[in-house]
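The values are calculated or read from the model by the stated rules, or taken from the named source; none is laboratory data. Note that the structure is a prediction, hence the values are computed from the model and not measured. Cβ placement follows ideal geometry from the backbone for every residue including glycine, while neighbour counts extend to all protein chains displayed. Heavy atoms of the whole protein, side chains included, go into the accessibility calculation; ligands, DNA and RNA do not. Shrake-Rupley method; radii C 1.70, N 1.55, O 1.52, S 1.80 Å.
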Amino acid sequence: MILGLETSCDETAAALVTEDGEIRSNVVASQADLHARFGGVVPEVASRRHLELISPVIRGALDEAGASLDDVDRIAVTSGPGLIGALLVGLSAAKALAWARRLPLVPVDHLHGHVASLYLQPTDLEPPFLCLLASGGHTLLLDVRDRSGYAVLGRTLDDAAGEAFDKGARLLGLGYPGGAQIDRLARQGDPEAFAFPVARVPGLDFSFSGVKTALLYTVRDLGEEAESRRADLAASYQHAIVRALAQRTLAAVRQTGHDRIAVVGGVAANSELRAALQGASLAPLELCTDNAAMIASAGRYREPLAYPRYLGLDAYAASP
Ligand code: KG4
Ligand code: ZN
């Protein structure tokens, strides 16, 4: 069994996954409530909370699987990209456990982890496919040819799609994280009520800072009326983001000739996006948002490092 650990942002997570991609346990302790009053993740607060949670979360994952450390053959841990202080908590815990038990350790890239959520049962998707990765921290189009990695076709030039949802939710006075709340409110609104722009950037890249500014100005111009138009604002805003994601994804399909699309990351939960990309492969919702089962899954397809080589591993904030 593989023990996966994930602490790149505001979720402390541990999971046990078999070599066949069966999830034996998947424990996620979200810190969202802790960061809600700041309207976003505060890195130093996140690191401290990870430190408090990491041991009980690992113990929880072992208990839930009815396993002990004796049953673990390998440890997989997110080494980046993410918040450095947060990543170091998971990485240090993984090193300590691997060292104490003389286990091999696999460093996993968080983005590869998101893609590898598709390789877990029951989804068990086999490449090749085109993958849209849309989360709070990332928005990428990936050409996936095998399970060990991918090629990047396009990425956001500014905000991530989930970040755009979260910032929009904040402008509309909704809570954090706001993607799911915009999704809910949008169902009662008219997506054509306001014409928010979809950025025209070259190639297969994305840009979401313009639509966010457009929402800001519209809310400001509406003044007191904004409150009663919130559902229309949410629906139109979501429509612009989803249109941008779907258009670029379909353009990438035409360019690469892939006949299958997969969507991963927290924004994959969005109902309008799911409808726009009908037929796309999706992992179960609990595997779309940050978790450690996807990290353990990715750890199946990378060479593990033997003791003592992994002791020199470092975390990285941004993808190389
Ligand atoms: O993958 P994830 O858990 O964390 C990162 O790695 O960033 O994604 C979280 C993001 C948040 O920005 C959240 O607002 C967004 O996913 N999200 C949604 C929905 N549910 C979560 N965005 C749009 N519609 C949703 N239903
Ligand atoms: Zn993520």
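Tell me which residues, restricted to region 79-94, are more than 26 Å from residue 151 (Cα to Cα) and open to solvent by less than 40 Å² (accessible area, probe 1.4 Å). The answer is 85, 86, 89, 90, 93, 94. For region 128-137, indicate whether the set of residues that are under 18 Å from residue 314 (Cα atoms), buried (at least 16 other Cβ atoms within 10 Å of the Cβ), in contact with a His (Cβ under 9 Å, 6 or more places away or on another chain) and polar (S, T, N, Q) is non-empty. Among the residues of region 128-137, not one is under 18 Å from residue 314 (Cα atoms), buried (at least 16 other Cβ atoms within 10 Å of the Cβ), in contact with a His (Cβ under 9 Å, 6 or more places away or on another chain) and polar (S, T, N, Q), which makes the answer no. State which residue is nearest to ligand 1 (Cβ to nearest atom) when the search covers only region 277-295 and only residues that are open to solvent by 50 Å² or more (accessible area, probe 1.4 Å) and touching a helix residue (DSSP H, G or I) at 6+ places or on another chain (Cβ under 9 Å). Top of the filtered list is 289. Residue 42 meets all of the listed conditions (1) over 30 Å from residue 170 (Cα atoms); (2) more than 16 Å from ligand 2 (Cβ to nearest atom); (3) not aromatic (Phe, Trp, Tyr) but one, namely (1).
Residue 231 passes every criterion in (1) farther than 16 Å from residue 181 by Cβ; (2) surrounded by fewer than 19 Cβ atoms within 10 Å (Cβ to Cβ); (3) more than 13 Å from ligand 1 (Cβ to nearest atom); (4) modelled with pLDDT of 95 or more apart from (1).
Applying the condition of being in contact with a strand residue (DSSP E or B) (Cβ under 6 Å, 6 or more places away or on another chain) and open to solvent by less than 50 Å² (accessible area, probe 1.4 Å) to region 154-185 and asking which residue is farthest from ligand 1 (Cβ to nearest atom) yields 154.
Can you find a residue in region 15-31 that is polar (S, T, N, Q), touching an Asp or Glu at 6+ places or on another chain (Cβ under 9 Å) and open to solvent by 10 Å² or more (accessible area, probe 1.4 Å)? Yes, the conditions are met somewhere in region 15-31. For region 104-127: of the residues being assigned to a strand (DSSP E or B) and within 14 Å of ligand 1 (Cβ to nearest atom), which is least open to solvent (accessible area, probe 1.4 Å)? Going through the qualifying residues, I end up with 108. Of the residues that make up region 47-57, is at least one within 15 Å of ligand 1 (Cβ to nearest atom), modelled with pLDDT of 95 or more and surrounded by 16 or more Cβ atoms within 10 Å (Cβ to Cβ)? Checked against the condition, which is being within 15 Å of ligand 1 (Cβ to nearest atom), modelled with pLDDT of 95 or more and surrounded by 16 or more Cβ atoms within 10 Å (Cβ to Cβ), region 47-57 yields at least one hit.
Each row is one residue, and each column tells you yes or no for (1) at negative phi; (2) in contact with a Leu (Cβ under 7 Å, 6 or more places away or on another chain); (3) within 16 Å of ligand 2 (Cβ to nearest atom).
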| position | (1), (2), (3) |
| --- | --- |
| 188 | yes, no, no |
| 202 | yes, no, no |
| 207 | yes, yes, no |
| 231 | yes, yes, no |
| 236 | yes, no, no |
| 239 | yes, no, no |
| 248 | yes, yes, no |
| 251 | yes, yes, no |
| 263 | yes, yes, yes |
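Checking each residue in region 15-44 for being more than 16 Å from ligand 1 (Cβ to nearest atom) and touching a residue at least 12 places away in the same chain (Cβ under 8 Å) picks out 16, 17, 18, 19, 20, 21, 22, 23, 24, 25, 44. Residue 181 fails exactly one of the following numbered conditions: (1) out of contact with any Ser or Thr (no Cβ under 8 Å at 6 or more places or on another chain); (2) polar (S, T, N, Q); (3) within 16 Å of ligand 2 (Cβ to nearest atom). What is the number of that condition? Residue 181 satisfies every listed condition except (3). Filtering 67, 76 for residues that are farther than 15 Å from residue 28 by Cβ, open to solvent by less than 30 Å² (accessible area, probe 1.4 Å) and assigned to a strand (DSSP E or B) leaves a single hit, 76. Among the residues of region 86-97, the ones that are in contact with a helix residue (DSSP H, G or I) (Cβ under 6 Å, 6 or more places away or on another chain) and either assigned to a loop (DSSP other than H, G, I, E, B) or small (Gly, Ala, Ser) (or both) come to 2 in all.
For region 98-106, does any single residue satisfy the condition of being at pLDDT 95 or above, within 13 Å of ligand 2 (Cβ to nearest atom) and small (Gly, Ala, Ser)? No, every residue in region 98-106 fails to be at pLDDT 95 or above, within 13 Å of ligand 2 (Cβ to nearest atom) and small (Gly, Ala, Ser). Taking into account only those residues within region 255-269 that are open to solvent by 10 Å² or more (accessible area, probe 1.4 Å) and closer than 22 Å to residue 181 by Cα, which is farthest from the chain's Cα centre (by Cα)? In this case the residue turns out to be 269.
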